[in-house]
Amino acid sequence: MLRSRLPFAAALAAVLALGACGSEAEPDEPAAPAASAAAFPVTVAHKYGSTEITSAPTRVVTLGLSDQDAVLALGVKPVGAVDWFGERPFGKWPWAQSLWGSTPPEIVGERDEYNFEKIAALRPDLILAQYSGMTKENYETLSQIAPTVGQPAKFDDYAAPWQDMTLAIGQALGKRAQAEQLIAGIDKRFADVRAQHPEWAGKTAAVVDPYEPGQYAVFAGSDPKAVFLTGLGFTIPEAITKEAGKENAVVVSSERLDLVDVDRLLFLSGDPTAESRVKADKVYAGLAVAKENRATFLPYEEPPLGGALSFNTVLSIPYAIDQVVPILAGGSGK
């Protein structure tokens with residue numbers, strides 16, 4: 001299992017012992033440009049308090065699903081990361097592939113399921129968990145291994161804006177100014193798109209995963225995929241976010257597809273038969289968005305358009321703008 005099933009106290013003792021001894025095969029030191037020593041010590045506030053980092057980290061483990069992108073963009077190559085889309089080998093995404101090069105990270109878990117022993121064996125000097133649902137218990141365990149920065153305090157788990165997470169990561173790495181520059185560059189890209197497509201301003205949009213026949217995951221306004229659309233000028237109906245509550249999506253049956261009868265509908269799926277299946281749904285076929293051909297169907301991975309929208313990071317956003325905006329501008333979907 002990816003997460004130890006030992007009782008909490010026993011697990012803590014095990015990882016501390018392993019961290020003290022190190023691993024038999026010492027991992028290679030990453031070739032990462034160091035931050036200015038003048039930036040440290042730095043204290044980063046987060047959901048579980050605040051964490052002081054006393055010197056520039058070089059052995060970083062990322063436990064948020066997309067945290068590695070911001071770390072890479074800031075010139076540091078994580079030694080450990082969690083797997084989200086079943087990346088085997090890790091580092092396949094085109095927006096990050098060149099930055100990983102031939103040295104991908106050790107996979108130390110999946111969504112909120114961490115292998116504490118692997119993490120400790122990597123001898124990290126910083127652990128980041130921004131786009132995560134890390135628990136307080138896990139935070140306490142991880143903090144005994146290395147300084148750990150949890151998810152932003154002002155937002156629900158998985159609901160923090162990408163800008164806030166990027167800034168927290170930049171601050172922890174002693175590279176806040178560089179992080180601000182990256183954010184400004186992305187903000188300009190969005191502003192340019194909005195200027196080029198004023199017709200999208202205020203138009204309603206929704207993102208849906210038709211994950212099985214008659215069942216649809218409708219993403220809330222805080223989900224990265226929806227945030228990308230709002231960056232382009234679209235508006236996510238408040239009814240969707242209200243239905244989702246604190247979750248990043250609400251699951252509805254065909255009977256509730258009126259929720260997504262919007263000006264522009266984006267379907268994301270890893271199933272090549274999803275488009276024909278959705279179009280065969282009689283409820284969907286009766287919606288104005290279907291009748292007027294205002295829906296776009298995109299894959300998650302081949303090409304990784306949905307993957308880029310799901311990450312919605314300083315690395316994936318430029319790729320998504322380059323790939324997805326022309327499709328949206330062309331009218332109907334693929």
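Couple of notes before you dig in:
- Of the residues making up region 215-251, those that are under 12 Å from Leu309 (Cα atoms) and among the charged types (D, E, K, R) are Asp223, Lys225.
- Filter result for the condition that a residue is surrounded by fewer than 13 Cβ atoms within 10 Å (Cβ to Cβ) and among the small types (Gly, Ala, Ser), over Ala285, Ala226, Ala295, Ala274: Ala285
- Filtering region 168-185 to residues that are among the charged types (D, E, K, R) and either touching a His at 6+ places or on another chain (Cβ under 6 Å) or assigned to a helix (DSSP H, G or I) (or both) leaves Arg176, Glu180.
- From the list Ala70, Ala20, the one residue that fits, being in a helix (DSSP H, G or I), at pLDDT 95 or above and small (Gly, Ala, Ser), is Ala70.
- Of the residues making up region 197-209, just one is part of a helix (DSSP H, G or I) and either among the hydroxyl-bearing types (Ser, Thr, Tyr) or surrounded by 13 or more Cβ atoms within 10 Å (Cβ to Cβ) (or both), namely Trp200.
- Filter result for Met165 (assigned to a loop (DSSP other than H, G, I, E, B) and touching a residue at least 40 places away in the same chain (Cβ under 8 Å)): no
The values are calculated or read from the model by the stated rules, or taken from the named source; none is laboratory data. Worth saying up front: this structure is predicted, and the values here are computed from it rather than measured. Ideal geometry is used to build each Cβ from the backbone, glycine not excepted, and the neighbour counts take in all protein chains shown.
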